[in-house]
Amino acid sequence: MGHLSIVMDKPASAPTQDIEQRKTVRMVDNAIESSRSAKLHRVSKWREHQALYRGNQWGEWSQALGRVVERAIPIHRVRATANYTQPTVDVLVARLTENRPAVSVLPGSRDAEDEDAARAADKILDYEWRMSAMRARLQSVVRWTALCGTGILKGYWDWNDGEIEHGPDGPRYSGKLKSATVSPFDFHIDSAVETIPEARWVAQECAVPIDEARARWALGEYLQPGADVGEVPASAFWTGQDGQDNASLRFDDRVLVYEYWERASLRYPNGRYVCTSQGLLLQNDPMPYPTFPFWAIRHVVEAGQFWGAGVVAVMRPLQLQLNRTLSQILENGNLTARPKVLLPSGCGIGKHAFTSEPGEVIEYNVAAGAKPEWLHPPPLPAYIQGLPGQLIQHIYDVTGVNEPMRGASSAAVSGRAIATAVAADMSKLGVTAETIESAVQGFGSFGLWCWQHNVTTERMIATIGDDGANEVVALSGADLKSNDVVVQPGSMIPYSKDSRRQKALEFFTAGIIDAPTARRLAEFGWEDSRDSSINPAARQRAREVVYQLAQGVVETPEQWWDHPTFIDTFLAYMYTRDWGRLPDDRKEMFRQYLWKLYEMNAQVSGPEQEVPETTEPAGSTTGVYGGGSPEMNQATMAQADVGADPYAEAGMSPFSAPAGA
């Protein structure tokens with residue numbers, strides 16, 4: 001897009017455009033207007049849901065004023081608000097985004113070169129996930145999903161960011177993959193479809209800074225900031241802002257641009273990408289990407305509808321009734337504390353004579369034997385007093401966000417019961433988690449496509465290697481051959497760590513796992529990642545030993561080492577392609593070293609621990625854990641109980657470098 005131009009205070013008058021250009025502008029305006037009409041009945045509800053989330057729960061949306069308005073009430077009336085909407089939404093967002101999706105790239109074939117390209121793509125996805133702060137991005141999109149039922153994730157390649165490269169045409173930015181959150185107010189879609197891939201067109205309202213608009217488009221110099229305040233503004237510039245009710249504060253330095261995307265058709269084989277603003281056709285090009293760069297995340301999917309329903313829509317009637325009930329109880333309490341007074345006519349007491357001053361003397365005239373009396377309200381029935389608790393429980397039931405999920409567990413309930421209840425409620429989020437996984441999968445494929453077509457030179461990226469170690473690699477788009485991204489189903493469904501700790505204790509009681517493993521799982525939870533539950537210092541030390549062995553340098557193992565961590569690190573390395581490239585003598589060193597680690601672990605853990613018998617990864621002709629030959633394995637198993645060195649009897653030393661190393 002180039003560098004930003006100087007902002008002009010007095011833009012020139014707009015040029016005259018031809019008939020085809022005006023037809024294109026009208027086509028975009030008509031498409032967006034049809035989308036607005038189709039979702040008009042939803043927009044007022046969405047804005048009321050936002051007000052509920054912020055605590056403004058006694059107002060209604062006014063289309064004329066463009067804001068949520070509260071009706072005036074007498075001063076003695078009570079409007080109590082117990083905001084259960086905000087914590088419910090926040091807990092739901094946290095639970096749905098606490099797990100990182102298990103993403104992988106499928107190779108185009110079983111060829112070694114395609115498999116290497118798929119591994120390179122995995123590294124790029126891991127790098128982009130961290131650099132793009134995708135977890136925070138997903139939280140933003142999922143929050144829109146919880147509030148309005150639908151959140152939109154957008155991806156794009158920003159040529160105005162990245163490192164500066166010097167080419168024949170001068171310096172330019174290298175470009176960078178980015179993501180954005182699109183609110184349902186700003187997103188428009190063909191109203192006859194249920195999903196984005198089925199749509200013929202999609203569009204977005206973008207509030208673009210005036211200097212950026214004038215730098216990007218040739219007709220940008222004719223645009224005037226603030227000229228669009230009469231139209232429906234992009235919600236990104238009023239939601240949650242202090243000046244949301246003042247349209248002039250939202251567009252004093254921006255212009256409203258319509259970004260229109262149309263998929264490929266017989267008339268437009270490469271699709272269309274159109275940008276319009278203030279009646280001007282700013283851009284009309286083929287679509288820059290093979291698919292729409294938008295992915296929808298929905299909470300409650302409505303049959304036959306693109307727009308979903310959020311958790312706020314489900315709990316809103318209960319939330320409003322809870323507020324009304326609490327307000328009525330408080331009003332009754334106010335009447336009980338200061339009830340109304342029956343004043344006989346002619347008693348000579350003014351209606352404002354009664355105050356809260358203690359010991360006050362009030363004189364009155366006896367009129368026909370009558371005197372002032374308190375008018376006490378009837379006591380509240382027990383079912384009214386218990387109604388707020390019932391409404392709160394109903395909110396928990398309909399939203400699936402109960403007290404244990406919120407972290408407010410009861411001491412009278414056992415840990416297993418709490419974990420079971422949380423797991424049952426989390427299973428209700430499976431449909432929502434599936435839409436999140438689908439959006440992540442689409443964005444991952446889109447990101448790899450952008451790398452393939454835009455990254456022509458190698459870039460240094462920091463990532464996690466196959467053995468779990470940090471590494472820095474140089475990759476470019478030429479290293480990629482496939483953008484077929486797959487997200488493991490169910491990987492984003494939240495789970496209860498307490499239930500997994502309970503499962504670890506049950507396994508230990510049944511004798512399935514040993515005490516160190518049970519202690520580690522009970523302390524850290526049952527994580528899929530190796531590094532999350534194992535001593536990081538021992539892991540790093542094991543990686544150093546693996547690297548030294550790969551170089552032919554052998555270090556004698558110590559009895560105090562964390563042998564399970566070393567064994568896990570060795571096995572992880574022996575399933576990598578780096579292991580397959582080692583010469584046979586180095587592989588033999590690894591097998592012998594691993595066997596010794598198993599022996600030492602058995603001695604530390606106790607006599608009940610046996611050295612497992614298993615097979616080596618595919619492609620090897622000898623056992624991983626048993627050394628290089630069956631004879632040596634038999635000698636080892638026979639002498640393991642007496643503590644002898646099996647390698648010495650076999651004429652081998654597992655801790656000396658092979659000849660010629």
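The values are calculated or read from the model by the stated rules, or taken from the named source; none is laboratory data. Keep in mind that this is a model prediction, so the values were computed, not measured. Cβ atoms come from the backbone with ideal geometry, glycine included; neighbour counts cover every protein chain shown. Just the protein is used for accessible areas: all its heavy atoms, side chains included, with ligands, DNA and RNA removed. Shrake-Rupley method; radii C 1.70, N 1.55, O 1.52, S 1.80 Å.
Placing dummy labels 7 Å off each Cα toward the beta-carbon, the span from Ala537 to Arg130 is 2.3 nm. The label-point distance for Asp578 and Ala515, in a model that sets each label 7 Å from Cα toward Cβ, rounds to 3.5 nm.
Given the peptides 328-336, 552-560, arrange them by the average over their residues of other C-beta atoms within 10 Å, most packed first.
The packing order, highest mean first, is 328-336, 552-560.
Here Arg267 and Ile384 are evaluated by their C-beta separation; at R0 = 56 Å the FRET efficiency comes out at 0.30. Taking a ≥ b ≥ c as the square roots of the Cα gyration tensor eigenvalues, the range 145-221 comes out prolate, since a/c reaches at least 1.5 and a/b is larger than b/c.
Taking 29 Å as the limit for the C-alpha separation, the pairs Lys23/Lys481; Lys123/Lys596; Lys123/Lys428; Lys45/Lys428 exceed it in the case of Lys23/Lys481; Lys123/Lys596; Lys123/Lys428. Shown is the FRET efficiency for Leu505 and Ser44, computed with R0 = 45 Å from the Cβ-Cβ distance and rounded to the nearest 0.05: 0.30. Counted residue by residue at 0.36 nm each, then reduced by the alpha carbon distance between them, the extension gain from Arg71 to Asp252 reaches 62.1 nm. Taking a Cβ cut-off of under 15 Å around Ala215, the surrounding Lys, Arg, Asp and Glu residues balance to a net charge of -2, with basic ones at +1 and acidic ones at -1.
Determine the dipole magnitude for the range 29-84: charges of +1 sit on the beta-carbon of Lys and Arg, -1 on that of Asp and Glu, nothing else is charged, the reference point is the Cα centre, and the result goes in debye to the nearest 20. Don't jump to the answer; show the numbers that get you there.
Numbers: 10 positive and 5 negative charges, 39 e Å.
Using Cβ point charges on Lys, Arg, Asp and Glu, the range 29-84 gives about 180 debye.
The GluC sites (Glu not before Pro) of the range 84-148 that meet both conditions, a loop assignment by DSSP and at most 14 other Cβ atoms within 10 Å of the site Cβ, are Glu98.
Under the combined filter of DSSP loop state and at most 16 neighbouring Cβ atoms within 10 Å, the range 159-203 retains these trypsin sites (Lys or Arg not before Pro): Arg200.
Using the 1.4 Å probe convention, the accessible area of the range 9-111 works out to 58 Å² per residue with neighbouring protein chains retained.
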